[in-house]
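The next block holds one structure in the form of structure tokens; read it before the comments.
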Amino acid sequence: MAESTGRTTLAAAVGLVLADSSIVVLALPEIYRELDVSVAAVVWVLIAFNLVLALAAVPAAHAAGTIGPARLTAAGLVLFSAASLACGLAPSIEVLLAARCVQAIGGAAAVCAALELMPATYGSERRAARAWAAAGATGAALGPGVGGLLTELISWESIFLVQVPAALAFAVPLIAAARGEQRAARAPGSVRPHLAANAALALVSAALAAALFLVVLLLIEGWRLTPIAAAAAVSVLPVCSLLAAPLARRVAAVDARAAAGVILIAGGLAGLGLLPKASVLLTIPPQALVGVGLTLTLSALTEAALAGRAPQAIHGGWTIAARHAGVVAGLLVLTPIFTGDLESERDDAEAAGTAALLDSRLSPGDKLDLAERIAAQIEREGDKVPVLGPAFEPLPDDPQQRAETISLRTSIEDEIDRAATHAFSASFLIAAGFALAALIPIAIARRRIEL
Amino acid sequence: MNGKGLVLGALAASAALVIAYLLAGGGDYEPTAVADPCAPREWRDPEGVEEAAQQFALSALDGAACELQVSREALAVALATPESRAEFAADHGIDDGELEAAVRAGVMRAIDDAERADALAPLVADGLRVVAARLPVDEGIALIEDASELFDGAGGVIDEIGGLLP
């Protein structure tokens with residue numbers, strides 16, 4: 001395998017696999033409508049992948065030493081590809097979840113073993129570690145946008161189906177390299193994982209789960225944007241993340257990068273928790289801060305966790321385990337909070353909307369008729385934030401009643417938007433707290449001059 | 001850029017965003033409060049038949065909701081269909097007798113409010129009170145939904161009272 005081809009293939013394979021930790025985020029509403037499950041259940045499409053990836057990462061890294069890194073990377077990608085096909089063809093949530101677990105096992109093998117191959121193509125372990133971390137962070141940040149685009153243009157199944165040939169294409173040159181691969185002796189180094197850096201990675205990842213997952217739900221479920229519009233809105237985060245890469249390279253101090261990144265992520269999440277109104281534009285500055293923070297902190301903490309430690313694959317496995325355990329913990333803590341808040345805000349908004357309807361100056365006949373249509377629309381939308389526009393159609397012919405109806409619709413929709421926005425506030429603020437908590441292990445590691 | 005500058009820059013950017021959003025009203029959100037149904041509610045422009053009927057319905061809802069210690073909005077949603085009424089009664093542990101008593105109390109309050117706003121003559125109001133005291137729940141709800149006949153001249157009132165009697 002040529003050096004430059006090897007670099008591209010390995011980095012792209014890592015990016016592809018780790019994009020799967022977030023790629024289905026924008027498709028979740030579509031999946032739960034089509035497979036007829038609740039929001040709380042559909043979150044497991046995300047959780048299952050991240051949980052199995054966290055559990056399988058370290059054993060997979062150990063296996064790389066036994067089986068051979070090229071062989072394991074190739075085998076992992078083939079398994080990932082086959083499981084992606086099963087995800088794309090899944091007829092039920094149970095099959096989808098099982099396939100996601102297999103996908104994560106293949107992904108863990110490919111990502112951890114790839115780290116062992118990368119120093120040979122990048123020239124040094126430090127450069128390889130940085131490229132490996134950057135590929136993973138880029139994949140996770142790009143995931144929601146790409147997934148949203150595919151969901152809108154084709155279907156949620158296409159998210160998985162396009163990964164089948166991509167993973168196989170990355171596996172082919174590795175299969176060739178794996179032929180005749182000798183079991184090489186692993187370099188000596190500290191076997192103990194870097195506790196502080198991995199703890200910080202877990203906390204930051206719990207916070208990032210909110211940034212990647214809750215923003216999308218706010219846009220699609222709360223503000224009722226289409227997946228493509230939401231994909232465009234959340235593209236701010238990966239774009240800023242990519243733009244921040246040169247900045248991350250210019251600052252040598254790993255502890256400063258980690259701390260600055262965590263502060264930016266916390267600030268961005270706090271901004272999302274304090275949105276003054278339901279406006280996509282207002283989500284841009286907080287997302288920008290999170291995007292820049294993500295690049296700074298993930299690369300710094302991964303570098304710290306790998307520096308001076310060997311074998312690289314095993315310590316890389318620990319960072320994957322920490323990151324994805326953090327994502328799982330974040331989702332498990334935040335999901336019940338925001339679903340509970342969403343339900344309570346929905347009740348408040350329904351009461352406020354009913355009050356607006358009762359106090360409106362519509363004729364009693366129009367009021368009753370409208371009340372019935374609104375109730376039917378809410379019933380049709382089930383436990384989701386309702387889209388009430390269709391209930392107000394057709395508008396009355398009488399100009400005065402027409403103006404009154406339009407004003408009422410605006411007032412009720414505004415109430416729903418504000419309630420939906422507020423329903424996510426507590427979760428974003430708690431996630432900001434996770435990010436700030438990561439400063440503690442970063443400070444501990446700095447005192448020990450380990451970072 | 002040195003590490004210290006990067007951390008200070010991150011702190012400044014985060015603080016600026018949070019302060020800007022707080023100043024713009026982020027964190028101030030409170031859901032629009034629904035009015036206390038037991039508090040008196042002024043009738044607005046009770047001159048027209050349609051407007052008077054609307055005010056009558058709102059007063060009756062207030063009175064019934066106050067009696068049941070629920071919001072006017074929750075009761076309005078509950079009274080929309082027999083199914084929603086049954087669900088509401090089960091959720092709040094209300095039996096048929098209590099619901100009927102609440103609807104009658106609501107109609108009584110609406111009559112009082114209408115009389116106070118000069119939308120009903122005292123004589124007509126007295127007649128309606130006698131009827132309201134024995135009003136079956138379905139008739140009470142029908143009256144809340146459309147009381148326009150009450151305000152549509154004396155003939156309308158008499159017909160309406162006759163129609164309400166069990």
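The values are calculated or read from the model by the stated rules, or taken from the named source; none is laboratory data. Model, not experiment: these values are computed from the prediction. Neighbour counts are summed over all protein chains in view; Cβ atoms, including those assigned to glycine, are modelled from backbone coordinates with ideal geometry. Calculation scope for accessible area: heavy atoms of the full protein, side chains included, ligands and nucleic acids excluded. Shrake-Rupley method; radii C 1.70, N 1.55, O 1.52, S 1.80 Å.
Express the accessible area of the protein assembly as shown per residue in Å², computed with a 1.4 Å probe while the remaining protein chains stay in the model. The answer is 40 Å² per residue. 3J(HN,Hα) along region A:201-216, derived from phi through the Karplus expression 6.51 cos²θ - 1.76 cosθ + 1.60 where θ = phi - 60°, amounts to 4, 5, 5, 5, 5, 4, 5, 5, 4, 5, 5, 7, 8, 6, 4, 5 Hz, with x in place of Gly and Pro. On a 0 to 90 degree scale, rounded to 10, what angle separates helix A:254-273 from the longest Cα axis of chain A? With rounding to tens, the tilt is 10 degrees. Separation of region A:74-137 from region B:15-72 is 55 Å, based on Cα centroids. Electrostatic tally near B:Y29: other residues with Cβ closer than 10 Å to its Cβ, Lys and Arg +1, Asp and Glu -1, net -1. Per residue, chain A reaches -26000 deg cm²/dmol at 222 nm when only DSSP H runs of four or more residues are counted, each adding -39500 (n - 2.57).
Given labels modelled 7 Å from the Cα in the Cβ direction, how far is it in nm from A:L161 to B:A12? For A:L161 paired with B:A12, the spin-label model returns 5.1 nm. Distance between Cα centroids, region A:429-447 to region A:325-342: provide it in whole Å. The distance from the Cα centre of region A:429-447 to that of region A:325-342 comes to 19 Å.
For chain B, adding -39500 (n - 2.57) for each run of n ≥ 4 DSSP H residues and dividing by the number of residues yields -22000 deg cm²/dmol at 222 nm. With each label modelled as a point 7 angstrom along the Cα→C-beta vector, the A:R249-A:V95 pair spans 4.6 nm. In sequence order, region A:96-103 has phi-based couplings of 4, 5, 4, 5, 5, 5, 5, 4 Hz under the Karplus curve 6.51 cos²θ - 1.76 cosθ + 1.60, θ = phi - 60°, and Gly or Pro positions carry x. By how many degrees, between 0 and 90 and to the nearest 10, does the Cα long axis of helix B:96-116 differ from the longest principal axis of chain B? Tilt of helix B:96-116: around 90 degrees. If you take all other residues with their beta carbon under 13 Å from the beta carbon of A:A256, and give Lys and Arg +1 and Asp and Glu -1, the sum is +2. The stretch between A:A169 and A:S38 holds 43.6 nm of extra length on full extension. This uses 0.36 nm per residue minus the Cα-Cα distance.
Between the Cα long axis of helix A:69-88 and the first principal axis of chain A there is an angle of about 20°, rounded to the nearest 10. The distance from the alpha carbon centre of region A:220-245 to that of region A:268-304 is 12 Å, rounded to a whole number. Computed over region A:217-331, the Cα gyration tensor eigenvalues convert (square root of 5λ each) into semi-axes of 29, 16, 12 Å, ordered from largest to smallest.
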